[in-house]
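The values are calculated or read from the model by the stated rules, or taken from the named source; none is laboratory data. Since we're looking at a predicted model, the values are computed, not measured. Here the Cβ is made from the backbone with ideal geometry for all residues, glycine too, and neighbour counts use every protein chain on show. Surface areas here come from the heavy atoms of the whole protein model, side chains and all, with no ligands, DNA or RNA. Shrake-Rupley method; radii C 1.70, N 1.55, O 1.52, S 1.80 Å.
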Amino acid sequence: MRADGYTGVTDAQHTLRRRDVLRAAAMVAAGVAFAPPADAAARISALIAAMTLEEKAGQLSCFNDEIRPVGAVFNPVVAARGAAAMLDDIRAGRVGMLFNGYGVAGARRAQEAALESRLRIPLVFAADVIHGCRTIFPIPLAEAAAFDPALSERAARAVARETAAGGIHWTFAPMVDVARDQRWGRVAEGAGEDVLLGSRLAAARVRGFQGGDLCRADAVLATPKHFVGYGAVRGGMEYAAVDMSDAELRETHLPPFAAAFAAGAGATIASFTDFNGIPVTANRHLLTDVLRGELAFAGVCVSDYDADRELIAHGVAADEPDAARHAILAGIDMSMQSGLYVRHLPALVRAGRVPVEAVDQAVRRVLALKEALGLFDDPFRSLDAGVETRATATPAIKALAREVATRSIVLLRNDGELLPLPRAGRRIALIGPFGADTANLNGPWSFAGDPRAGVDLATGLRAAMADAGALTVEAGCAVDADLPGGVERAVAAAHRADVVLLAIGEGGDMSGEGNSRVSITVPAAQQRLAEAVAATGKPVVVLLRHGRALALEGAVRDAPALLATWFLGEQTGHAVADVLFGRVEPTGRLPVSFPFATGQQPWSYDRRATGRPAPADAPMAPGRSHWRDAPDAALYPFGSGLGYTRFRLTDLNVPARIAIGAAVPVAVRVTNVGARRGTTLVRADIHDRVASRTQPVRRMKAFRHVTLDPGASSIVTLPIMARDLTIITARGDRAVEPGMFDVIVALGDQAPLVASFEAVARGSAGTG
Ligand code: NOJ
């Protein structure tokens, strides 16, 4: 048994990497990472000295807010007790944080109760503000399609202002789990399959939420979650086990957390899942050695909802006290909803089964977080009814929600330049269950969203059309069922129209937590509708609604025009109209690959090289890597997306040799060869040709937008940083291995330009 009482399995533990520890320490020293205010330490120590064990356990416990509840939030009801009992618990010092309540008046009542407790320790209020608080933005996966960290930062800042105005100090976002299996419903909450994009957006969203100074009344503490590996659940099944190599953990799943912590995030939530046989909630290696040691995280680690008690169901804890003991010793500072810490920590300490130092350390972190938010100085910060009225659902935040929504849309196909549509002179049939529907605009986690604010497709289109009477709307079917006569009415409407807009896809409750799917296709009733409408011969524009990449089939896959429109939030109708009629150029690119078939999952564009790769020009060559009925490729891979103009890449310039430790200057000429002004995304991937471990066939290392007038061209530079060439070597350390690298520069999914360079030891680079 270890000195600190931990008896969990330790054989999977890894030694800390000195370089990572030093890097993390440097981050803290540079004042970038979250760190409690310097002058708070003495105040916190004095408070801890005055606290009973029961009060300490109270600070380490958080509960669903029953004092100011809001609508639908995805969490099973566990240990509900009503507002009055909750206020009593707060007065007794048994609650440290409340979550998922909304509104200033209720928060003030709860805070007043906290200030009646013996030590007057203020509450902190948290919530799942995943893509907007009152004003609902596109789901994070959609926002990721903008490939624009500055936009994500702006959106998070605006959302934080509205969140704080509603009496919330802390959001359980961003979710930074890398997701390569589209069966997993929570793909919707993150930035998709790519490590670089995920890391950049994680940092941007943390900066936006926290606003540079957590004491600001409009700052909201960020929670990159779920630490770590949740996106790799086996079979894409929600809450299932995760098994992964150390290299996969470090190269794919840790980087977005490292980026978010480096940007100052002050909290994280541990993943629900089993990780290599030890549930994360009980996994001291992950929560202490990696999180605290390697990543130098100084904030608060919260268990997920009831996850400490779930250690019993996992089969690693015998009973509630055992589960609480596992969690605190692993590194869970705060217990969410189960009440295990309040019920059992004091007795565990008195029995010598948990060292009081472990409890004190967690309490210190929670109090430091409250200090960092300025709650001791002003327990009523962000609880101003005037601000709540003035800063909620403002015209500015609605305009930004619309801008983000238009930037999230991805044009995947546009045969014969069917789009953009003219605003006048066409009869349009809007067909499908999402045409005149506000129930499925937001997708998962719309928390306190205003249901009356949603703009459906029909409303948005009519507002943009010169003659609103030229639009007819037919549902055709329900999300998952036929409607009597629905297909017939839809076919008749299609016959009367010049163009059909087919609004089909997933319902709002088909992705998100608890919504894994074995078949990631368009629901059968809608597919039947699509086939019938396509058979009319009218040109069809598919407006796909979805919280993940889908495996498209038949008439949906083959429609001449296809827009990925995700769940775009309350401004859906306006944003889709903006792009359809060309007021805004489509600039989104896929953050997740659309496969040919569900059975390809998990799949990502940066999969590792096989020994028998299929040639690009013969993807189904016998004896080569593919499925019997699908190539080892995606229908629309990561990065796919078109605009209304066309661009060409030429003149790729990369030095022949670079010294290890130096950046690689990549330059390429981009020309707008179409007839409209437009914006494109240029990206540079690398492939490390020979390494001590197998490497991805390609992995994105730089990306940049460029906007050009017709005929104009520009040299775009895409510097690849020295650290971007590092890999986890066969020895398990992080290094650049000398040798040849390919640089693959591309626009969307078009045929790329490829150049190569050699990385050589310093001093032998010579001239490139
Ligand atoms: C469970 C989810 O996994 C987590 O993401 C969320 O923040 C908590 N519930 C709180 O609602």
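Per-residue counts of other Cβ atoms within 10 Å, averaged by peptide: what ranking do you get for 724-737, 447-460, highest first? Numbers along the way, then the final one.
Working: 724-737: 16.4, 447-460: 20.0.
Peptide ranking by packing, descending: 447-460, 724-737.
Once the other residues with Cβ under 11 Å from the Cβ of L461 are scored (Lys, Arg +1; Asp, Glu -1), what is the net sum? It would help to have the intermediate numbers written out before the result.
Values: positive: R423, R462; negative: D456, D578.
Overall, the nearby charge balance is 0.
Charges on Cβ only, +1 for Lys and Arg, -1 for Asp and Glu, centred on the Cα centroid of the chain; of A464, S245, A616, which one is farthest towards the dipole's positive end?
So the residue furthest toward the plus end is A616.
Show me 38-49, 307-318 ranked by packing, highest mean number of other Cβ atoms within 10 Å first. Mind dumping the intermediate values first?
Values: 38-49: 13.0, 307-318: 20.0.
Per-residue mean Cβ counts within 10 Å order the peptides as 307-318, 38-49.
Which one of A424, C477, A385 has its Cα pushed farthest toward the positive end of the charge dipole of the chain, where Lys and Arg give +1 and Asp and Glu give -1 at the Cβ?
Positive-most Cα among the choices belongs to A424.
Give, rounded to the nearest 20 debye, the magnitude of the charge dipole that the chain has about its Cα centre when Lys and Arg contribute +1 at Cβ and Asp and Glu contribute -1 at Cβ. Display every interim value, and only then the final one.
Numbers: 82 positive and 82 negative charges, 303 e Å.
Value, rounded to 20: 1460 debye.
In a shell of Cβ-Cβ distance under 12 Å around F581, excluding F581 itself, what net charge do Lys and Arg (+1) and Asp and Glu (-1) give?
Working: positive: R423, R426, R462, R583; negative: D578, E585.
Around F581, the charge tally is +2.
Can you give the percent of C-alpha pairs in the stretch 214-354 whose distance is more than 27 Å? Present the calculation step by step, with values, prior to reporting the outcome.
On the way: 2013 of 9870 pairs.
Looking at the stretch 214-354, the distances longer than 27 Å represent 20 percent of pairs.
For the chain, what is the accessible area per residue in Å², given a 1.4 Å probe and the full set of protein chains?
Values: 26850 Å² over 768 residues.
Counting only protein heavy atoms, the per-residue value for the chain is 35 Å².
Shape of the stretch 581-685 from its Cα gyration tensor (a ≥ b ≥ c, root eigenvalues): rounded if a/c is under 1.5, otherwise prolate when a/b > b/c, or oblate? Mind showing how you got there, number by number?
Working: a/c = 2.25, a/b = 1.24, b/c = 1.82.
Oblate.
For the stretch 15-388, what % of the accessible area comes from carbon and sulfur atoms, probe 1.4 Å? List each step's numbers first, then the result.
Values: 6110 of 10920 Å².
Here it works out to 56 percent.
Tell me whether the stretch 15-388 comes out rounded, prolate or oblate; compute the Cα gyration tensor, take square roots of the eigenvalues as a ≥ b ≥ c, and use a/c under 1.5 as the rounded threshold. Each step should come with its number before you reach the end.
Details: a/c = 1.36, a/b = 1.12, b/c = 1.22.
Rounded, since a/c falls under 1.5.
Could you give the angle, 0 to 90 degrees to the nearest 10, between helix 40-50's Cα long axis and the longest principal axis of the Cα atoms of the chain?
50 degrees
Compute, for the stretch 645-760, the length of the dipole vector about the Cα centre, with Cβ point charges of +1 (Lys, Arg) and -1 (Asp, Glu) only. Units Debye, rounded to 20.
Details: 16 positive and 10 negative charges, 53 e Å.
Around 260 debye, computed over the stretch 645-760.
In whole percent, how big is the carbon plus sulfur part of the accessible area of the stretch 420-583, probe 1.4 Å, protein atoms only?
Working: 2680 of 5290 Å².
Accessible surface attributable to carbon and sulfur in the stretch 420-583 totals 51 percent.
Taking a ≥ b ≥ c as the square roots of the eigenvalues of the Cα gyration tensor of the stretch 338-379, is the shape rounded (a/c under 1.5), prolate (a/b larger than b/c) or oblate?
Values: a/c = 3.88, a/b = 2.21, b/c = 1.76.
Note, shape of the stretch 338-379 comes out prolate.
Can you compute the charge dipole magnitude of the stretch 603-664 about its Cα centre, using +1 on each Lys and Arg Cβ and -1 on each Asp and Glu Cβ, nothing else charged? Give it in debye, rounded to the nearest 20.
On the way: 8 positive and 5 negative charges, 20 e Å.
The dipole magnitude comes to about 100 debye.
Normalised radius of gyration for the chain, please: alpha carbon Rg relative to 2.2 N^0.38 Å, two decimal places.
Values: Rg = 26.4 Å, N = 768, 2.2 N^0.38 = 27.5 Å.
Dividing the Cα radius of gyration by 2.2 N^0.38 Å gives 0.96.
Rg over Rh of the stretch 645-760, using C-alpha atoms and the Kirkwood radius, what does it come to?
That ratio equals 1.04.
What does the charge count near F99 come to, summing +1 for each Lys or Arg and -1 for each Asp or Glu among other residues with Cβ under 10 Å from its Cβ? It would help to have the intermediate numbers written out before the result.
Numbers: positive: none; negative: D65, D128.
That works out to -2.
Roughly how tilted is helix 356-372, in degrees to the nearest 10 and between 0 and 90, from the longest Cα axis of the chain?
Long axis of 356-372 versus the principal axis of the chain: about 60 degrees.
Just need the relative contact order of the stretch 640-768 here, percent rounded to a whole number, with Cα pairs under 8 Å and 6+ apart.
Details: 311 pairs, mean separation 42.4, N = 129.
Averaging sequence separation for qualifying contacts and normalising by length gives 33 percent for the stretch 640-768.
Can you tell me the 0 to 90 degree angle between the C-alpha axis of helix 524-534 and the longest principal axis of the chain, rounded to 10?
20 degrees
In this model, which of K398/K538; K225/K701; K225/K398 are farther than 32 Å apart at the alpha-carbon?
Values: K398/K538 35 Å; K225/K701 23 Å; K225/K398 27 Å.
In this structure, K398/K538 lie more than 32 Å apart at Cα.
What is the projected area of the convex hull of the Cα atoms of the stretch 286-342, averaged over all directions, in nm²?
Details: hull surface 14.8 nm².
Computed as one quarter of the Cα hull surface, the answer is 3.7 nm².
Determine the distance separating the Cα centre of the stretch 131-161 from the Cα centre of the stretch 261-296; give it in Å without decimals.
25 Å
Any idea which of V743, V706, A759 is furthest toward the positive side of the dipole for the stretch 645-760, if Lys and Arg beta-carbons carry +1 and Asp and Glu beta-carbons -1?
V706
Let me know the Kirkwood hydrodynamic radius for the stretch 470-570, please, with Cα pairs as the basis and the value in Å to one decimal.
Averaging 1/r across every pair of different Cα atoms and inverting gives 13.9 Å.
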